[in-house]
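Take a look at the structure set out below.
The values are calculated or read from the model by the stated rules, or taken from the named source; none is laboratory data. None of the values given here were measured: they were computed from a predicted structure. Because the Cβ atoms are built from the backbone with ideal geometry, glycine has one as well, and the counts that use them run over all protein chains shown. The area values use the complete protein model at the heavy-atom level, side chains included, leaving out ligands, DNA and RNA. Shrake-Rupley method; radii C 1.70, N 1.55, O 1.52, S 1.80 Å.
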Amino acid sequence: MGHPLRLGIAGLGTVGVGLINLLRQNQESIEARCGRSMEIVAVSARNRSRDRGIDVSAYEWYDDCAELARNAEIDVFVELIGGEDGPAKAAVEAALASGRHVVTANKALLAYHGTELARSAEAAGVALNFEAAVAGGIPIVKTMRESFAGNRATRIYGILNGTCNYILTCMEQEGADFDVVLKRAQDLGYAEADPTFDIGGFDAAHKLALLTSLAFGTEVDFSSVYVEGIERITAQDIQVAGELGYKIKLLGVAQDTGAGIEQRVHPTLVPAKSPIADVDGVFNAVAVTGDFLGDLMLEGQGAGAGATASSVAADIVDIALGNIQAPLGRPTKHLTPYKPAPMRAHAGGYYVALEVQDRPGAFAGIATRMAEQDISLKSIVQRAPEISVDIDGAKDASVAETRPVVLITHDTLEKSIRKALECIESDGAITSAPRMIRIERL
Ligand code: HSE
């Protein structure tokens, strides 16, 4: 066997401990694949005395992860700390400057600094591998860098956040409200105590920014991603969408429109018969269309110790084999600046939910405003009002005076639907702000 590949691991949380367990359990088969042994030399974490359920006393300990990256006798620095700046960034920069290969699961770091870090890796002639940063255990980075290489992409999209997918799946299957399911997801440990990052769509946006670069050969540009979370989706939206042949998923979509590339994360109506509609629970999926390949979809676990460690291990194995690829799939000098397609120019169908006053002419006014913007309606669903009943048995009249109405439009422009909804709101025939959900043609 060749000389051992020496690893330094920074971050001993769920994924770090998962990686150590994986390397211990499958050491023999991994080494047989690589034709060389693999050795964890040094580790670093915030708290040395914490019980992690594994013994790490055999490894050299560093309190400072940047010092580990710079000074430990390692070939590969594995960054499992997280965060776009701070210790993770300092340590990755130190590792690259010291000529060490880097493997990271840190999507935020790469979403903000991906192009610049790829340049540093290139200059040092080392790997910057990040399979675990995008959709956990799904091997989409390697697929895009290598297997997809002969294609030009037209669109890449996916379910990139397991927490959101779990919440939407439970809302659909149980008819439950968002808050109830979110609370359960937190109790089960799927959602963070502060779940904003997941449910607000930002975690998915970090991953999408990386997929966009890999698919379209552009510099990473997280700041241009349009982001909407799932907080305003109601059980009724999911039910009505189901009756109309759709499911609601939080999708990240990057699409070449000809005028630029759209990067958008938002709740989306997808046809119930499309493969991605069947991706439920905490699972993730990524689908890409290539001009020669056609459609490809990969589905798997997007988070968790085992799946994420599996991707980190695959990145380490590539380095052991000497398979060093350009981090973003091509040399950085061949990445083009990202040219955004503005959301106002987005074309597609829309689901619009309105609370309409139950009086003559209210709906006619709404239809007129849509027609003024050249928007053609495909379906109209008017629901029975929710009549709440007081304890003494009396109906609450204020609730009964409005009707929930859902409209599905044919393809139109985002600026047209926004203008129509603005006019409808100022006309005063609806009692709360209109809500719209984009429909993805799949
Ligand atoms: N919190 C993420 C999710 C996993 O729920 O999918 C890590 O990105």
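Here are the numbers:
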item	result
Pairs where the first residue, in the stretch 244-265, is touching a residue at least 60 places away in the same chain (Cβ under 8 Å) and the second is in a strand (DSSP E or B) and of a type in the set (Asp, Glu), C-beta under 8 Å, 6+ apart	253/262; 254/262; 255/262
Scan of the stretch 424-435 for residues that are over 30 Å from the mean Cα position of the chain (by Cα) and buried (at least 16 other Cβ atoms within 10 Å of the Cβ), ordered by number	424, 429, 430
Selection count, the stretch 174-204, where residues are out of contact with any strand residue (DSSP E or B) (no Cβ under 6 Å at 6 or more places or on another chain), under 18 Å from residue 304 (Cα atoms) and either away from the ligand (no atom under 16 Å from the Cβ) or open to solvent by less than 80 Å² (accessible area, probe 1.4 Å) (or both)	9
Breaking point among (1) within 16 Å of the ligand (Cβ to nearest atom); (2) open to solvent by less than 20 Å² (accessible area, probe 1.4 Å); (3) not polar (S, T, N, Q), for residue 270	(1)
Among residues of the stretch 351-376, those that are among the hydrophobic types (A, V, I, L, M, F, W, C), open to solvent by less than 50 Å² (accessible area, probe 1.4 Å) and touching a residue at least 12 places away in the same chain (Cβ under 8 Å), counted	8
Subset of the stretch 154-168 (residues that are more than 12 Å from the ligand (Cβ to nearest atom) and open to solvent by 10 Å² or more (accessible area, probe 1.4 Å))	154, 155, 157
Hits in the stretch 210-229 (condition: touching a Lys or Arg at 6+ places or on another chain (Cβ under 9 Å) and within 13 Å of the ligand (Cβ to nearest atom))	210
Test: residue in the stretch 31-45 that is assigned to a loop (DSSP other than H, G, I, E, B), surrounded by 20 or more Cβ atoms within 10 Å (Cβ to Cβ) and touching a residue at least 12 places away in the same chain (Cβ under 8 Å)	yes
Positions within the stretch 123-132 being under 14 Å from residue 210 (Cβ atoms) and not in a loop (DSSP other than H, G, I, E, B), in sequence order	128, 129, 131, 132
Residue check, residue 80 within 17 Å of residue 319 (Cβ to Cβ), at pLDDT 95 or above and not aromatic (Phe, Trp, Tyr)	yes
Count - residues of the stretch 95-116 that are assigned to a helix (DSSP H, G or I) and under 22 Å from residue 321 (Cβ atoms)	2
From 238, 233, residue being in contact (Cβ under 8 Å) with a residue 24 or more places away in the chain, crowded, with 19+ Cβ neighbours inside 10 Å and in a loop (DSSP other than H, G, I, E, B)	233
Selection within the stretch 245-258 - at pLDDT 95 or above and either within 16 Å of the ligand (Cβ to nearest atom) or not polar (S, T, N, Q) (or both)	245, 246, 247, 248, 249, 250, 251, 252, 253, 254, 256
Sole residue being buried (at least 23 other Cβ atoms within 10 Å of the Cβ), over 14 Å from residue 201 (Cα atoms) and more than 16 Å from the ligand (Cβ to nearest atom), chosen from 144, 171	144
Residue count, the stretch 283-303 (criterion: within 16 Å of the ligand (Cβ to nearest atom) and assigned to a loop (DSSP other than H, G, I, E, B))	2
Residue selected from the stretch 123-141 under the condition touching a Gly at 6+ places or on another chain (Cβ under 8 Å) and more than 16 Å from the ligand (Cβ to nearest atom), by the criterion least open to solvent (accessible area, probe 1.4 Å)	126
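Quick grid of which residues meet (1) touching a strand residue (DSSP E or B) at 6+ places or on another chain (Cβ under 6 Å); (2) free of Cβ contacts under 8 Å to residues at least 60 places away in the same chain:
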{"site": "284", "(1), (2)": "yes, no"}
{"site": "287", "(1), (2)": "yes, no"}
{"site": "294", "(1), (2)": "no, yes"}
{"site": "299", "(1), (2)": "yes, no"}
{"site": "305", "(1), (2)": "no, no"}
{"site": "334", "(1), (2)": "no, no"}
{"site": "349", "(1), (2)": "yes, no"}
